[in-house]
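Student: There's a structure below that I have some questions on.
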Amino acid sequence: MSNRQELGIYIHIPFCVHKCIYCDFISFSNKLNFQERYIKKLIEEIESEKELFEKYEVTTIYIGGGTPSVIDSKYICEVVNGLKKYIKLDKAEITIEINPGTITKQKLLDYMNSGINRLSIGLQTSNDNLLRDLARIHNYSDFLNTYELARKVGFKNINVDLMIGLPNQKIEDIKDSIDKLINLQVGKPEHISVYSLIVEEDTPIYDLIENGTLKLPTDEKERLQYQYVKDRLELEGYKQYEVSNFAQEERESKHNINCWNQKEYIGFGLAAHSYIDRIRFSNTCELEKYLNEDYRNIKIVHEKQNEEDQEKEYMLIGLRKIEGVKISKFKEKFGKNPIYVFRKEIQKLVEEELLEVDLDNIRLTRKGLDLANLVWEEFV
């Protein structure tokens, strides 16, 4: 590893087969005819940043969406090869999100041959009725076929996404999902992400809940679901290293850890976000604009941080990690003691039993894990 600063890369593929009813990401279910033009533009955008790559050590690449696996795999290979022109990727963690129902053996082989070494599969739940309620295009059998194919092809680092807090979801459904994952004949996943359903306005699920067609579990029931998942996965040998993420030994997502440690990253593609030199910016959300305008005209600056902004954000995202914020790392980065800088916030949260402090860590308590939003709000 060189002594250059680490950089992560995020690549957005905004196409999918069908938009899930809870999705508010920038993605399209009816524009696959744009995929060739889109990839061409994406590669041009990557080439425009070749001077930036010389200043950094690229350690992680994350290809997300949308559903990246819905497009022809040759385009994914073209993007990875476009990066290889300017970056050594032999030691990088390279992840692609895939969805059951969009995968073939050839696609997986193409991904592996291009250098992709980590998969993230969107299962969400093993209950086919709940999947239908969410308007997912797959059932559990499709997931099983995809997962087994991935193992046969040779992928040894696989994440599976699960969701809790779904309408009509019972604790038995979550137990069934975890039972099935840990008993997979071809080996249990190296990593499991567990997300609570977030209902955003302007999504179909919002209207269904508002008019009473679907009913969310109570906050108390959702907390019980979360505690069950945490305790069960830890019993099965998974280490919780972040609020929503569990991994086998040394299988944590390096890309996400770097983001929670406030390391820099650059995003390519429609609506992709970046964080460079204390500036947070993103590309346009308009597909036509992205495809037709000069790459310099598609960027939108969201925040130019001063040091105080950066310190607050470091605490906010660092407290997502189970180990919390290391006092020594904060001192190393900012030359200050976070215990002093945030003495009022920390004292309040310790008194409320949401935070605990030891010699080198400020971290969430078990109660703080349940009420993490209250902790993060103190550093906004």
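The values are calculated or read from the model by the stated rules, or taken from the named source; none is laboratory data. Predicted, not measured: the structure shown is a model, and the values here were computed from it. When we count neighbours, we look across all protein chains shown, and the Cβ atoms used for this are built from the backbone with ideal geometry, even at glycine. Protein only, heavy atoms only, side chains kept; ligands, DNA and RNA dropped before computing areas. Shrake-Rupley method; radii C 1.70, N 1.55, O 1.52, S 1.80 Å.
Student: Of the labelled options [x] 5, 20, 24, 21, 18, 10, 2, 0; [y] 5, 21, 27, 18, 8, 4, 3, 3, 3, 3, 2, 2, 1, 0, 0; [z] 5, 21, 31, 29, 13, 1, which one gives P(r) over Cα pairs in 10 Å bins from 0, in percent as computed for this structure?
Tutor: Correct label, based on the coordinates given: [z].
Student: How much accessible area per residue does the chain have, in Å², with a 1.4 Å probe?
Tutor: Working: 18200 Å² over 380 residues.
Per residue, the chain has 48 Å² of solvent-accessible surface.
Student: Now, a different point. Trypsin sites (Lys or Arg not before Pro) within segment 203-274: which are DSSP loop residues with at most 12 other Cβ atoms inside 10 Å?
Tutor: Taking segment 203-274 and a limit of 12 other Cβ atoms within 10 Å, the loop trypsin sites (Lys or Arg not before Pro) found are Lys215.
Student: What are the GluC sites (Glu not before Pro) within segment 186-287 that DSSP puts in a loop, where the Cβ has at most 12 other Cβ atoms within 10 Å?
Tutor: Hits after loop and neighbour filter: Glu200, Glu201, Glu249, Glu250.
Student: For segment 275-317, with all protein chains present and a 1.4 Å probe, just round the carbon and sulfur fraction of the accessible area to a whole percent. Provide the component values of the computation, followed by the final result.
Tutor: On the way: 1050 of 2380 Å².
Solvent-exposed carbon and sulfur of segment 275-317 make up 44 percent of the total.
Student: Another question about this same structure. Got a number for carbon plus sulfur as a percent of segment 1-77's accessible area, 1.4 Å probe? List each step's numbers first, then the result.
Tutor: On the way: 1650 of 3470 Å².
C and S fraction of accessible area: 48 percent.
Student: Return the long-range amide H neighbours of Gly65 (sequence gap of 5 or more, or a different chain), with a cut-off of under 5 Å between placed amide H atoms.
Tutor: The list, which skips near neighbours in sequence, is Ile13.
Student: Mind ranking Lys84, Lys299 by accessible surface for me, highest first, 1.4 Å probe? If you can, show how the numbers build up before the last one.
Tutor: Working: Lys84 90, Lys299 65 Å².
Greatest to least solvent exposure: Lys84, Lys299.
Student: Just to confirm a number: summing +1 for Lys and Arg and -1 for Asp and Glu over residues other than Leu42 whose beta-carbon lies under 13 angstrom from that of Leu42, what do you get? All intermediate terms of the calculation are to be shown ahead of the outcome.
Tutor: On the way: positive: Arg37, Lys40, Lys41; negative: Glu36, Glu44, Glu45, Glu47, Glu49, Glu78.
Net of charged neighbours comes to -3.
Student: With respect to the cross-link table entries Lys156/Lys239; Lys31/Lys263; Lys239/Lys367; Lys19/Lys175; Lys254/Lys329, which display a Cα-Cα separation exceeding 24 Å?
Tutor: Long pairs (Cα-Cα over 24 Å): Lys31/Lys263; Lys19/Lys175.
Student: Also: Only four residue types carry charge here, +1 at the Cβ of Lys and Arg and -1 at the Cβ of Asp and Glu. Report the dipole size of segment 260-380 about the Cα centre in Debye, rounded to the nearest 20.
Tutor: Details: 21 positive and 24 negative charges, 59 e Å.
The calculation lands at about 280 debye.
Student: Of Tyr340, Cys23, Phe246, which is farthest on the positive side of the dipole of the chain, counting Cα position, with +1 on Lys and Arg Cβ, -1 on Asp and Glu Cβ, and the Cα centre as origin?
Tutor: Value: Phe246.
Student: Can you compute the charge dipole magnitude of the chain about its Cα centre, using +1 on each Lys and Arg Cβ and -1 on each Asp and Glu Cβ, nothing else charged? Give it in debye, rounded to the nearest 20.
Tutor: Approximately 1020 debye in magnitude.
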